[in-house]
Amino acid sequence: MNINYITPLKSHKPLKLPNRLIYGNGSQFRMVDLSIGRYIGKIKITPTELKKSKFYQNDKPIKSLYINDLWIVPFFRKKNAGSDFIKFAKHLSKKNGCEGRIYTLAYNYDNPGKAPHKFWRKQGFASASQKENQILDFIIENNIEVPPDMCQGTMMYI
Ligand SMILES: CC(C)(COP(=O)(O)OP(=O)(O)OC[C@H]1O[C@@H](n2cnc3c(N)ncnc32)[C@H](O)[C@@H]1OP(=O)(O)O)[C@@H](O)C(=O)NCCC(=O)NCCS
């Protein structure tokens with residue numbers, strides 16, 4: 001009688017999962033905290049061709065990754081989830097042929113009075129207007145609120 005004996009698998013270390021996991025379909029992504037099983041936030045992106053951009057000063061069309069939507073659950077804000085999404089968006093920009101370029105409209109549709117500009121500026125984004133960049137740097141340094149005229153929405157690029 002033949003006995004097939006299968007060698008037991010070598011014991012492997014358990015797979016270490018990251019605390020934060022991002023998953024999605026190529027244009028919309030969600031982040032979850034696996035350690036507590038909670039939804040953290042979402043990002044939506046669209047690789048876009050810009051014919052002429054004051055910021056990039058391109059004479060031929062170039063691609064940049066547009067962030068349509070970035071939203072973090074209020075409980076998880078100021079815990080680096082937004083920054084983690086931006087790191088991920090930089091990767092997506094390269095993957096989508098945008099060579100690291102990203103842009104967005106800095107505007108808090110959730111709460112128009114609470115402008116997210118300082119967040120974008122801290123991630124390295126800039127407006128095409130040097131004056132607006134100086135204002136943002138000044139208000140970050142001096143812990144001042146974003147001026148109301150900029151709260152209407154500012155295009156910011158990287
Ligand atoms: C804006 C938003 C995405 C930031 O996400 P977050 O996870 O809270 O940001 P992080 O924790 O990664 O913050 C990174 C830095 O930006 C600062 N920051 C984040 N949001 C800020 C805000 N609204 N105002 C000022 N600074 C802000 C943080 O204090 C932190 O600064 P530090 O590096 O000096 O400590 C999040 O607050 C949000 O979802 N807001 C509502 C929707 C929105 O405005 N989305 C953007 C649409 S353009």
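What follows draws every value from the coordinates through simple rules; no lab data is involved. These numbers come from a predicted model, not from an experiment. Positions of Cβ are backbone-derived with ideal geometry, glycine not excepted, and every protein chain shown enters the neighbour counts.
Defining a contact as two alpha carbons under 8 Å apart and six or more residues distant in sequence, what relative contact order in percent does the stretch 20-157 show? Walk me through the numbers on the way to the answer.
Numbers: 217 pairs, mean separation 24.7, N = 138.
Result for the stretch 20-157 is 18 percent.
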Query raised in the report: Against the longest principal axis of the chain, how steep is helix 81-95, in degrees 0 to 90 to the nearest 10, with axes from Cα atoms?
Result: 80
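Evaluate Rg over Rh across the chain, taking Cα atoms for both radii and Kirkwood's formula for Rh. Let's see the in-between values first.
Numbers: Rg = 20.9 Å, Rh = 17.9 Å.
With Rh from the inverse mean 1/r over Cα pairs, Rg/Rh is 1.17.
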Report task. Please provide three numbers in whole Å: the alpha-carbon extents of the stretch 91-158 along the principal axes, with the largest listed first. Result -> 36, 25, 18
Query raised in the report: Which lysines does Lys51 reach when only Cα atoms under 29 Å apart count, and residues fewer than 8 places away in its own chain are ignored?
Result: Lys42, Lys60, Lys63, Lys87, Lys90, Lys94, Lys95, Lys118, Lys122, Lys131
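How much net charge surrounds Pro74 when only the other residues with a Cβ under 12 Å from the Cβ of Pro74 are counted, with Lys and Arg +1 and Asp and Glu -1? Provide the component values of the computation, followed by the final result.
Numbers: positive: Arg77, Lys78, Lys79, Lys114; negative: Asp110.
Cβ neighbours under 12 Å give a net charge of +3.
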Report summary line: Plugging the Cβ-Cβ distance of Glu145 and Leu17 into 1/(1 + (r/R0)^6) at R0 = 35 Å yields, to the nearest 0.05, a FRET efficiency of 0.35
**Report entry** Rounded D (µm²/s) - the stretch 34-78, Kirkwood Rh over Cα pairs, Stokes-Einstein at 25 °C, 0.890 mPa s
**Finding:** 188
